[in-house]
Amino acid sequence: MKATAQPRAVVRGRIATALLFLLFGIALGTWTSRIPAVQARLGLDDGRLSIALLCFAAGAICGMAVLGRLVDRFGSAAVMIPAAVGEGLLLIPPAFAPDLPLLCVALFAFGCIHGTLNIAMNADAIQVQKAWGRQIMSSFHAVYSIGGFIGSAVGGLLARADQSAGTTFACVGILVVILAGWTARWALPAGLRPVEERRPTPEAGRWRARFPFELLFLGLLAMCALVGEGTAADWSAVYMHDNLKAGAEMASAAFSAFAVMMTVGRLLADRLARAFGPVRLVRYSGVLASAGMLAALAVGRPLAGVLGFACLGAGMACIAPQVFSAAGNRDPAQAGAALSLVVSIGYVGFLIGPIIIGGVSTVVGLPVTLTIPALLVLFVAIAAPALRPHPAPSTGGDSDVQSAADAESISG
């Protein structure tokens, strides 16, 4: 279905979904910016804080892997709005938890709703992309990155104004709830959402048999890519300061360069996907990220380090959105289950990857260890043909035509 059918409704649907990505980033950015305040209020050392953060990660994976399947049962629109409201409400309790056990409970609940919203809004983005008639998935992820910047900035400004974490989370949480409710009016109407007819056939059974393997492999690609994102967030400044002897400002510039180039890359990625197709785009992106990072590690100078992380961000910008889009389009009638599996596997890399990097670095040193994410993203480049779209199994009639049209629009 093309956007020309009812352009105003489809445009509104795109804006509504983009707003949810923005709120998703704002909530997470606000939380991360005030972690030190929560830690100080409860008097937690780094070890005890890591337990609480692990509960958030466990909740997010649970929400993506388990609750995300609600999308297939009730539809993405029916799940994403309540999940976004819950995102705003459950952002607040961690600031008021009186001790570590209750903080862990609050963060697990926040993580669950955060993971559920992640799946629902990505599934809805795929529906909007089909209605739009061309690649727009990366634009949603760019909005998420911008939301993260906004959330971090708001948290930082309120911290400088000597406002408590509770005040910060309450203000942002209420804003998220209000805007999430507003998006319900503009969400893509049911009449414009692609309808997948399902009539079992022998061909469908054979295709379904290989479906889980394809999703597992896409999840592996997402995990390989997101290891680099988590590593850049946790280890870029450490590498610059401890290994390259850069000053504090130059050390922080490495992750800033990574984040800025990732945002810019995602703003351009949809146009690049239409020009090159998802396979070539991911292949070129992986080579850029890997070659840039490996070259920077070989040079071993502060400026080279900043440029290397910039290349890593620019290259990785296009990968995750294309992988998620490919997963959701493998079987549109089960997009929620597909995304639940792929995204949750991917985020295991984002959460666990930096821990592995830290452990390995104690043995061989951080510069050598940082070749791991560079080599993983090179593997993604080599395996890029796995993203090649193919039509869903034949169900007869017009649905075959629509499947082929969808595959053509995704391939750019």
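Per-residue answers, yes or no, for (1) at pLDDT below 65; (2) open to solvent by 50 Å² or more (accessible area, probe 1.4 Å):
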| position | (1), (2) |
| --- | --- |
| Ala184 | no, yes |
| Val195 | yes, yes |
| Arg199 | yes, yes |
| Glu203 | yes, yes |
| Leu216 | no, yes |
| Cys224 | no, no |
| Ala237 | no, no |
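Of all residues being buried (at least 21 other Cβ atoms within 10 Å of the Cβ) and part of a helix (DSSP H, G or I) in segment 382-412, which is modelled with the lowest pLDDT? Just the residue, please. Of everything passing the filter in segment 382-412, Ile410 is modelled with the lowest pLDDT. Among the residues in segment 51-64, are any open to solvent by 10 Å² or more (accessible area, probe 1.4 Å), aliphatic (A, V, I, L, M) and farther than 24 Å from Gly219 by Cβ? Among the residues of segment 51-64, at least one is open to solvent by 10 Å² or more (accessible area, probe 1.4 Å), aliphatic (A, V, I, L, M) and farther than 24 Å from Gly219 by Cβ, which makes the answer yes. Can you tell me which residue within segment 127-154, out of those that are hydroxyl-bearing (Ser, Thr, Tyr) and open to solvent by 10 Å² or more (accessible area, probe 1.4 Å), is nearest to Asn329 (Cα to Cα)? Filtering first and then ranking leaves Ser139. Whether a residue is farther than 15 Å from Ile113 by Cβ and modelled with pLDDT under 85 was assessed, and Arg41 does not pass this test.
Could you pull out every one of the helices (runs of 4 or more DSSP H) wholly within segment 36-135 that has 1 or more residues that are among the polar types (S, T, N, Q) and more than 20 Å from the chain's Cα centre (by Cα)?
Ranges flagged: 46-65.
Yes/no matrix, rows are residues, columns are (1) closer than 10 Å to Cys318 by Cβ; (2) open to solvent by less than 60 Å² (accessible area, probe 1.4 Å); (3) of a type in the set (Ser, Thr, Tyr):
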site	(1), (2), (3)
Met250	no, no, no
Phe255	no, no, no
Phe258	no, yes, no
Thr263	no, yes, yes
Leu268	yes, no, no
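Only one of these is touching a Gly at 6+ places or on another chain (Cβ under 6 Å) and free of Cβ contacts under 8 Å to residues at least 60 places away in the same chain: Gly29, Gly63, Gly115, Gly86. Name it. Being touching a Gly at 6+ places or on another chain (Cβ under 6 Å) and free of Cβ contacts under 8 Å to residues at least 60 places away in the same chain holds for just one of Gly29, Gly63, Gly115, Gly86, which is Gly63. Among the residues of segment 81-126, not one is under 20 Å from Pro321 (Cβ atoms) and surrounded by fewer than 20 Cβ atoms within 10 Å (Cβ to Cβ). Looking across segment 250-288, the residues that are under 19 Å from Gly230 (Cα atoms) and aromatic (Phe, Trp, Tyr) come down to Phe255, Phe258.
The values are calculated or read from the model by the stated rules, or taken from the named source; none is laboratory data. Predicted model, so just to flag it, every value in this text is computed and none were measured. Glycine gets a Cβ as well: all are built from the backbone with ideal geometry, and neighbour counts include every protein chain shown. Ligands, DNA and RNA are stripped out before the accessible areas are found, and what is left, the full protein with its side chains, is counted by its heavy atoms. Shrake-Rupley method; radii C 1.70, N 1.55, O 1.52, S 1.80 Å.
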